[in-house]
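**Q** Pasting a structure here, questions to come.
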Amino acid sequence: AFNLPASIPWWIVVIGAFVAIAIGKMTFGGLGKNPFNPALVGRVFLLIAYPVQMTSFPMPVNGAFDLLWRRVIRWHVPVTVLATMAVFAFVYALGKGMTGAALWQLPLFHVLAGGAILGAVFMATDYSTSPMTVRGGVIFGIGIGAITMCIRLWGAYPEGMSFAILIMNACVPLINKYVKPKRFGVK
């Protein structure tokens, strides 16, 4: 709720929370057993209901470095998401024939605008919905960054981070299956 604009009525936020809890409980057997981040499902519900209000964010607080310092999250997923977005925007700018300052302004804009940092740091690193290994986290981050940029550049919504995280959350079991570490003692 801290990242929501004040113009959204409180009762819509409550409905979004109940939608997230109901989906988790009815579909997957309760909280903690769901493949999708319940807070993110509620945020997507609000984004679909109020796209204009949800893309004007208040100033963020500096919590990412604290989470990294206390080792609550690992740096691999957020850095991979933001780097993929920057490279994607840079290649897009080159393809459009942009030169000079536009080549670095477009990637910088996409990394700093909207919910990119919020999604990369706080939502993509959720324990229960992100891959178990570092290599899986890098694949997960590349997918989130690429899908986010596709939605931002060619989709109907100005912000695609929430949708990209949910799409990649659905791919996490497949990523975990194919990116397993070797068991100790196995050749």
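The values are calculated or read from the model by the stated rules, or taken from the named source; none is laboratory data. Everything numeric here is computed off the predicted structure, so don't read it as measured data. When we count neighbours, we look across all protein chains shown, and the Cβ atoms used for this are built from the backbone with ideal geometry, even at glycine. With ligands, DNA and RNA removed, areas are computed over all heavy atoms of the protein, side chains included. Shrake-Rupley method; radii C 1.70, N 1.55, O 1.52, S 1.80 Å.
**Q** Report in % the part of the accessible area of region 45-127 that belongs to carbon and sulfur, leaving out ligands and nucleic acids; probe 1.4 Å.
**A** Carbon-and-sulfur percentage of accessible area, whole number: 71.
**Q** Additional query: From largest accessible area down, sort Asp66, Asp126; use a 1.4 Å probe on the protein chains.
**A** These residues rank, largest area first, as Asp66, Asp126.
**Q** Can you send over the solvent-accessible area of Arg74, 1.4 Å probe, protein chains only, in Å² to the nearest 10?
**A** 120
**Q** Just by accessible area at a 1.4 angstrom probe, what is the order of Ile147, Ile8, Ile167 from largest to smallest?
**A** Correct descending sequence by accessible area is Ile167, Ile147, Ile8.
**Q** Still on this model: When the label point is put 7 Å from the Cα of Thr133 along its Cα-to-beta-carbon vector, which residues of region 170-187 have a backbone N closer than 12 Å?
**A** Under cut-off, by backbone N: 175-184.
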